[in-house]
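Shown next, in structure tokens, is the structure this report addresses.
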Amino acid sequence: MQEEQFIPKSYTSSVEKGSFTWSSPSNIALVKYWGKKAQQIPENPSISFTLDNCKTTTTLSFSKKESQDDFSFDVLLDGDKKEGFKPKIETFFKRIEAYLPFLKDYHFKIETSNTFPHSSGIASSASGMSALALCLMSVEKLLVESDASLNVADKSIGNDFFIQKTSFLARLGSGSACRSLEGDLVVWGKHDEIDGSSDLFGVKYPFEVHKNFKNYQDTILLVDKGEKQVSSTVGHNLMHGHSFAQERFKQAHKSMSTLIKVFEDGDLDMFIEIVESEALTLHAMMMTSMPYFILMKPNTLEIINKIWAFRQETNSKVCFTLDAGANVHVLYPESECEQVCEFIKNKLVVFCQKGQYINDKIGFGAKLINN
Ligand code: DP6
């Protein structure tokens, strides 16, 4: 499927004003997206667990404006205007203009809030960009459905297409955002063994998943809540000309193949091996790029070592993964909730900034709150 699929037949912006509210979750990658080509095309396939509690709720209000020369929008986080968010959204609007021709017809008010603290070091771009893309797609659906000049067949935007185009748009805002719309596992990027997988949008993982992974838990330990040292855009760019890049992209394809088997037979030991190796490889790529970065903090390593020791002592299947930062996602099966939560409280919370952590688990994607 090509990009052209997502350029709509022309329709009129006949609605004067309205608003939509969507909530959309964050996601945590098991096989990491790190490195991209032009137009937000990933260098390798990735797969993520959709989260449940960590999410963004966005209300998009739109009203017809006089001139169609420029984009016009305000952004508010928890009720406060955020000028600092505007450049990223402006870039997003430019990238998606060809696919949403109404963008310059309206003034938009984007009111957004996160369930997790903005400065927690948890990336809000996946949940934020996916929530915004959903609101914008809802506007398109409304405009198409209320255009009297369109025939019945052209008037309907089916659910599957709605999600696919939203994921396509969200990707143009932030790559990982295209994996946040549905649950519980989402694949983004072409992989030979996954029919329907695409570099252009995320798709629900199409195969059976063993019961060991149902309701998988993710406790996010907030090790360092400071501003990110390296933006993900800068980080992705460091993969251009990186000495180990091609091997890394191959490894990601292999990790995906192994995970397909793991999800089929429920092999938690192999799951741990892939997930931890992916997290450490992501950081290894940053440590070996030019310029180089260490995004882990001493407490990140303390936590990793404690998790390894706990596994040795108890035969638990708890493991960790990392984003492009110092926080640690502690992943474990639902059946181990009690013992791992005890372990986290007794041994790991001491390494968190102000003792803060967030209990989350696999979730099932975005929700329309209001229209
Ligand atoms: C380390 O999706 O934030 O979390 O496309 O530049 O917005 P942009 O990057 P972004 O990168 C996420 C990288 C990662 C791994 C992952 O989520 O797969």
Discussion item. From the Cα trace of region 212-304, what convex hull volume per residue do you get, rounded to a whole Å³?
Written reply: 120
Practice prompt. Whenever you get a sec, line up Tyr99, Tyr357, Tyr332 from highest to lowest accessible area (probe 1.4 Å, protein heavy atoms).
Written response: Tyr357, Tyr99, Tyr332
Worksheet item: Which pairs, out of Lys86/Lys367; Lys94/Lys261; Lys82/Lys155; Lys32/Lys214; Lys9/Lys109; Lys254/Lys361, put more than 29 Å between their alpha-carbon atoms?
Response: Lys94/Lys261; Lys82/Lys155
Discussion item. Please compute the Kirkwood hydrodynamic radius of region 1-64 from all pairs of different C-alpha atoms, in Å with one decimal.
Written reply: 15.6
Worksheet, complete the sentence: Rounded to 0.05, the calculated FRET efficiency for the beta carbons of Gln68 and Met290 at R₀ = 45 Å is 0.50
Worksheet item: Over the chain, what is the relative contact order in whole percent, taking alpha-carbon pairs under 8 Å and six or more residues apart?
Response: 24
Discussion item. Suppose every Lys and Arg Cβ carries +1 and every Asp and Glu Cβ carries -1, with no other charges. What dipole size does region 44-127 come out with about its Cα centre, to the nearest 20 debye?
Written reply: 140
Worksheet item: Between Trp308 and Gln5, what length in nm is gained on full extension when 0.36 nm per residue of separation is reduced by their alpha carbon distance?
Response: 104.3 nm
Worksheet item: What's the Cα-based Rg to Rh of region 304-358, Rh via Kirkwood?
Response: 0.93
Worksheet item: Under Stokes-Einstein, with the Kirkwood radius over Cα pairs standing in for Rh, what whole-number D in µm²/s applies to the chain at 4 °C and 1.567 mPa s?
Response: 61
Worksheet entry | Net charge, Ala279 excluded, C-beta distance under 9 Å - Lys, Arg +1, Asp, Glu -1 | -2
Worksheet item: So what's Rg/Rh here for region 1-145, counting alpha carbon atoms and using the Kirkwood radius for Rh?
Response: 0.97
Worksheet item: What do you reckon, how do Lys297, Lys204 stack up by accessible area (1.4 Å probe), largest on top?
Response: Lys204, Lys297
Discussion item. On a full-extension model of 0.36 nm per residue, what is the gain between Asp160 and Asn237, subtracting their alpha-carbon distance, rounded to one decimal in nm?
Written reply: 24.5 nm
Worksheet, complete the sentence: So for R0 = 22 Å, FRET eff. of Gln251-Ile41 from the Cβ-Cβ r, to 0.05, ends up at 0.75
Worksheet item: Where is the GNM fluctuation largest for the chain (alpha-carbon springs, 10 angstrom cutoff): Ala309, Ala252, Ala170?
Response: Ala309
Response to the item:
Taking a crude spin-label model, label points 7 Å out from Cα along the C-beta direction, the His118 to Lys345 distance in nm is 3.3
Worksheet entry | √(5λ) per eigenvalue of the Cα gyration tensor, region 124-222, largest first, Å | 29, 17, 13
Worksheet entry | Estimated FRET transfer efficiency (Lys94, His210; beta-carbon r; R0 41 Å; 0.05) | 0.45
Worksheet item: Just the Cα atoms of region 228-371, one point each, no solvent: what log10 I(q)/I(0) does Debye give at q = 0.10, 0.20, 0.21 Å⁻¹?
Response: -0.42, -1.31, -1.35
Worksheet item: Which one of Asp195, Asp74, Asp160 has the biggest mean-square fluctuation once the chain is modelled by GNM with Cα springs under 10 Å?
Response: Asp160
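The values are calculated or read from the model by the stated rules, or taken from the named source; none is laboratory data. Just so it is clear, the model here is predicted, and its values are computed rather than measured. Here the Cβ is made from the backbone with ideal geometry for all residues, glycine too, and neighbour counts use every protein chain on show. With ligands, DNA and RNA removed, areas are computed over all heavy atoms of the protein, side chains included. Shrake-Rupley method; radii C 1.70, N 1.55, O 1.52, S 1.80 Å.
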